[in-house]
1. Rounded to two decimals, what is the ratio between the C-alpha radius of gyration of region 9-71 and 2.2 N^0.38 Å?
2. At a temperature of 10 °C and a viscosity of 1.306 mPa s, determine how fast region 64-120 diffuses translationally according to Stokes-Einstein, using the Kirkwood radius over alpha-carbon pairs as Rh; express D in µm²/s, rounded to the nearest whole number.
3. Return the calculated 222 nm mean residue ellipticity for the chain, to the nearest 500 deg cm²/dmol, obtained by summing -39500 (n - 2.57) across DSSP H runs with n ≥ 4 and dividing by the residue count.
4. With the contact rule set at Cα under 8 Å and sequence spacing of 6 or more, what percent relative contact order holds for the chain?
5. Just subtract the alpha-carbon distance of S57 and A136 from 0.36 nm times their residue separation and send over the number in nm, one decimal.
6. Identify the GluC sites (Glu not before Pro) of region 105-199 meeting these criteria: DSSP loop state and at most 12 other C-beta atoms within 10 Å of the C-beta.
7. Rank-order 37-44, 208-215 by packing density, defined as the average count of other C-beta atoms within 10 Å over each peptide's residues, highest first.
8. How about K36: which lysines have a C-alpha closer than 19 Å to its C-alpha, ignoring those fewer than 8 places off in the same chain?
Amino acid sequence: MRPIEARSVSTQVVEELRRNILSGALEPGEGLALRKIADQLGVSFIPVRDALKVLESEGLVVNPPGRGATVAPLDLDEFHSIYRVRRMLEPDLARRSVSSLNKRELDRLHQVAAELGRAERSMDDIYDDHRAFHLALIAPAASVWDTRILRLLWRASERYIRIGFRRLDPDPQEHDRRREAHQLLVEEFRKGDPAAAASALDVHLANNECMAHNALWGPRTGMRTAELR
């Protein structure tokens with residue numbers, strides 16, 4: 001963990017612990033001892049205690065009365081619930097957004113997709129760009145409340161995506177797949193067909209759900225990838 005600076009200590013402790021949990025550096029089920037974390041971060045235990053309360057409210061920490069705090073476990077039902085809601089919302093936004101995306105923006109997103117697949121970039125390296133790519137595709141149709149809900153869902157799924165897809169990073173073909181999958185999305189949006197855009201994004205989400213599921217829980221309980229029709 002990185003030492004904490006003097007400014008906004010409580011906020012920084014929340015951000016540092018959140019970063020470590022979302023990245024998987026603090027593993028699901030790992031104990032979170034107040035004194036140990038305070039020593040690692042170079043702060044008193046009070047901001048650490050307060051930070052754990054904030055992270056518990058976000059579902060990232062489990063802190064039952066009378067027991068030590070731990071990193072929340074990865075939950076199969078929660079994971080699929082998040083994707084169920086995402087697949088209700090995001091394809092509909094794609095359907096309404098596609099006619100408002102001009103060629104210049106689609107060309108830019110095609111180049112962003114190429115960057116997402118660079119071999120030297122890990123899932124941690126590309127995560128923020130990846131989220132911005134998806135937001136740009138649906139931004140023309142997204143209201144303030146749509147965006148708030150999406151960011152809540154993306155935050156909830158972030159730990160699953162980072163940990164699951166990081167396990168795929170060592171496979172060189174995975175980087176090509178990421179590039180091709182996102183460039184395919186752009187090409188489907190270029191058609192200007194609302195149904196095609198919605199279908200493409202739904203398939204993309206279904207495939208990501210499947211791949212992350214298999215990376216986290218294994219193929220025994222796996223799902224099949226979807227195909228564009």
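We did not get these values from a lab; they are worked out from the coordinates using the rules stated. Remember, predicted model here, so these are calculated numbers, not experimental data. All Cβ positions, even for glycine, are placed from backbone atoms using ideal geometry, and neighbour counts span all protein chains on display.
1. The reported ratio for this selection is 0.97.
2. Working: Rh = 15.5 Å.
Translational diffusion coefficient: 102 µm²/s.
3. On the way: 9 runs with 154 residues, N = 229.
After summing the helix terms and dividing by the residues of the chain, the value is -22500 deg cm²/dmol.
4. This gives 22 percent for the chain.
5. 25.6 nm
6. For GluC sites (Glu not before Pro) across region 105-199 that sit outside H, G, I, E and B with at most 12 neighbouring Cβ atoms in 10 Å, the list reads E120.
7. Values: 37-44: 16.8, 208-215: 19.9.
Ranked from most to least packed, the peptides come out as 208-215, 37-44.
8. K53
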